[in-house]
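To start, the structure itself, in C-alpha cells.
Just so it is clear, none of the values below were taken in a lab; they were calculated from the coordinates. The model shown is predicted, which means the values in this text are computed figures rather than measured ones. As a convention, Cβ positions derive from the backbone with ideal geometry for all residues, glycine included, and neighbour counts pool all protein chains shown.
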Amino acid sequence: MGSIRQHAPTAALIAGLLLIGSGFSSVVVHAAPLPDITVQNNQTSADFPNTLTFKLTVHASSAIQRIVLEYGVSQLTCGDVVAKAFPDFEPNTDVEAEWTWDMRQSGSEPPGSKIWWQWRVTDSDGNETLVDRRETLWLDSEHAWQSLSGEGVIVHWYRTDAGFGTQMFDAATKGVERVHDLIDLQPRGSVDIYLYSTFDDLGAAVLYEPGWTGGLSFVGYNIIILGIPSGQEDWGKGAIAHELMHTIVDDFTFSCLVEIPTWLHEGLAMDSEGGPGEAGMADLQSAIGKNTIFPVHSLGGNFPEDPNQAQLAYEESFSVVDFLIQKWGSAKMRLLLTALRDGKPIDAALDEVYGFNVDGLDAAWRKSVGAQPLPPEELQPTLTPTFVPTFRPLSIHPASTLIESATPSATGSAPTAASATAMQPTQSSAFVSLGSGETILGLCACLLCLVLTVVGGAVLIWIVARRKK
C-alpha cells in the first residue's frame, strides 16, 4: 500500500479544532473566573509543520512570579500525559510570555490533530490562576480545504476536480460499511481523512517521513492522511478502505499490553479493500505450488524488505484472515480482536476463540488452500517447564549413576518418581566422583574459600600484632 501506521510521538502531545477557512484560529473550550489577573492576549502562531508558538500577555495587581504552559493532545494513550514548558520572563505586574514548540526536534504531529493548551500563572502572594483552556488546529493553511462528513468519517480535500471529494467520501462511507460487515466494528467518533493532491504535498505536511510514503494512519488520533494524485483515484479508494480498517481496529484493540500480529492487521486491511486482485492471488497460488509460502508465525512482526517477498506476505495474510472469516464468521473475528485488546497473546487468543494456536491456524489454512504441511522443524517451540536438578558441589553419587537416573529408558518413557528418588544420596555411598564437572567446580570453590580464609586470618593476626607494639 505504500502506507505507514504511526504511533504517537513520545516527546510531546498536541491537538486542535477544525475551523474551515480559519487557518489556525483558536476557540475557548471553557471559561473560569479570573479574579487575580487580566488576560490581554492568549493565542498561538504556527510555522507549519515546523513550529508552534504559544503567547500570553497578562496584567495582575501583584507581580507575577511564575508562568507554566501546559499542553497536550486528544488521543488514546496508556496514561494521562500533560507536557509542561516554562517560558522566560521578567517578574512584573504586566508580563508577556511566549514559548515555541519546535517539532523538528520533538517529531511532528499529524495534520489535523487537535492541540490544546492552558497557562498557570502565580503571583508574588502565591495565588495561582488557571487561564482558560484553548484549542487550535495543526494543519497547513496554504490549501483551501473542503470537507464532507458522514457516519463515522469526515473527508477533507482541496483538489478542484469536479466530483473528486464526493467520490472519495463515498469510498470512505463504503469502507466503514465494509469494516462493519467483516468484523462488526464501527469507528469511535469520526475518522478524519485528509487527502493531499500530490505525494510531495503529503511529504511537506509531515517531518522525517520516507519520500515513498503514500499514506499515513496515526494510531490513537483517528486521523488518516493520503496523497491521491490525478489519475490515481481508484488506488485512492482502495487506500481509504485499507487505512480505515487499520484505524478502526487500532482504536478498538488499543492496549498497552500486546500488539496485534502484522499478518492479522494487514490481512484485515487487505480484505477491507477487496483483496489483492487476480494477479495477487495468482502470485499466491504460484507460491503455494512451489511451497515458498511463509509460516504464519513468521508474519507476526515486520514483513520482508524485498518488495516481492513483502507482496507475498500481504497476499498470504489476506488469505489467512479471509479463511478465518469465511469459515467461522465475523463474530468470531471480533471475539479474537477483543481477546487481543484484553491483553491475551495471539496463541492464547486464537485458542480461546478457535481452539488452535498460530501453528494450528497455519495447518488448517494450508489444508484449505492445498498447500504442503509445515515441516516439523518450522514449528514454533512449545514452552514447557524444564526439570532443573539441584546443584550439588560435593555429590556422593558417581556421574554414571546421575546420568542413568535422569535419562529416559530404552522404551522412551520419562524418568519416574522412583528414578528421581534414586538420584538422592544414600548412606552406603562413600566415594566422590572426580569425573563430574560440578564436583571439580565445587572442589575449586572450596579450596578458594580455604585460601581466602587462611590469608585473611594471617593479615588479621599481623594487624593485631602491630597495634600491640
### Query
When the chain is fully extended, how far beyond the present Cα-Cα distance does VAL369 get from SER45, taking 0.36 nm per residue of separation?
110.9 nm
### Query
Among GLY289, ILE325, ILE346, whose Cα lies farthest out toward the positive end of the dipole of the range 259-384, if unit charges sit on the beta carbon of Lys, Arg (+1) and Asp, Glu (-1)?
ILE325
### Query
Taking amide H positions as placed 1.01 Å from N in the peptide plane, with prolines and chain starts having none, which residues 5 or more places from GLY72, or on another chain, fall under 5 Å of its amide H?
ALA15, TRP116
### Task
Jot down the radius of gyration and Dmax of the range 143-252, Cα atoms only, both in angstrom.
13.0, 36
### Summary
Once amide hydrogens are built 1.01 Å from N within the peptide plane, the residues lying 5 or more places from LEU207 or on another chain with amide H under 5 Å from its amide H are SER108
## Note on the structure
For TRP145, other-chain or 5+-apart residues with amide H closer than 5 Å (H placed, Pro excluded) are GLY21
### Message
Could you tell me the calculated FRET efficiency between LYS332 and TYR208, based on Cβ-Cβ distance and R0 = 30 angstrom, to the nearest 0.05?
### Response
0.15
### Task
Return the distance in nm (one decimal) between the two label points of a simple spin-label model at PHE254 and ARG104, each offset 7 Å from Cα along Cα→Cβ.
3.1
#### Entry: the range 162-178 - phi-based ³J(HN,Hα) in whole Hz, Karplus 6.51/-1.76/1.60, Gly and Pro as x
5, x, 4, x, 5, 4, 5, 5, 4, 4, 5, 5, 5, x, 4, 5, 5
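What size of dipole, in debye to the nearest 20, comes out for the range 180-234 about its Cα centre when the only charges are +1 on Lys and Arg C-beta atoms and -1 on Asp and Glu C-beta atoms?
On the way: 1 positive and 8 negative charges, 42 e Å.
Using Cβ point charges on Lys, Arg, Asp and Glu, the range 180-234 gives about 200 debye.
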### Charged-residue dipole, Cβ positions (Lys, Arg, Asp, Glu), the range 259-384 about Cα centre, Debye nearest 20
440
### Query
Which of LEU379, ALA363, GLY300 sits closest to the plus end of the dipole of the range 259-384, meaning its Cα is farthest towards the positive end, when Lys and Arg get +1 and Asp and Glu get -1 on the C-beta?
ALA363
### Message
So for the range 75-213, averaging the separation of alpha carbon pairs under 8 Å that are six or more residues apart and normalising by length, what relative contact order in percent results?
### Response
19
### Distance between modelled label sites at ASP161 and SER141, nm, 7 Å Cα→Cβ extension
2.9
### Cα coordinate range in the range 259-384, projected on the principal axes (Å, largest first)
37, 35, 27
### Task
Pop a pseudo-label 7 angstrom from the Cα along the beta-carbon direction at both ARG66 and SER298 and give the gap in nm to one decimal.
5.9
#### Entry: Listed residue pairs exceeding 23 Å between alpha carbons, taken from LYS237/LYS367; LYS237/LYS332; LYS344/LYS367; LYS332/LYS367; LYS290/LYS332; LYS237/LYS344
LYS237/LYS367; LYS237/LYS332; LYS344/LYS367; LYS290/LYS332; LYS237/LYS344
### Query
Which ³J(HN,Hα) values, rounded to whole Hz and listed in residue order, are derived for the range 307-324 from phi using the Karplus coefficients 6.51, -1.76 and 1.60 in 6.51 cos²θ - 1.76 cosθ + 1.60 with θ = phi - 60°, glycine and proline given as x?
x, 5, 5, 5, 4, 4, 4, 4, 5, 5, 4, 4, 4, 5, 5, 4, 4, 4
#### Entry: nm² value of the averaged projected area, convex hull over the Cα atoms of the range 173-221
4.5
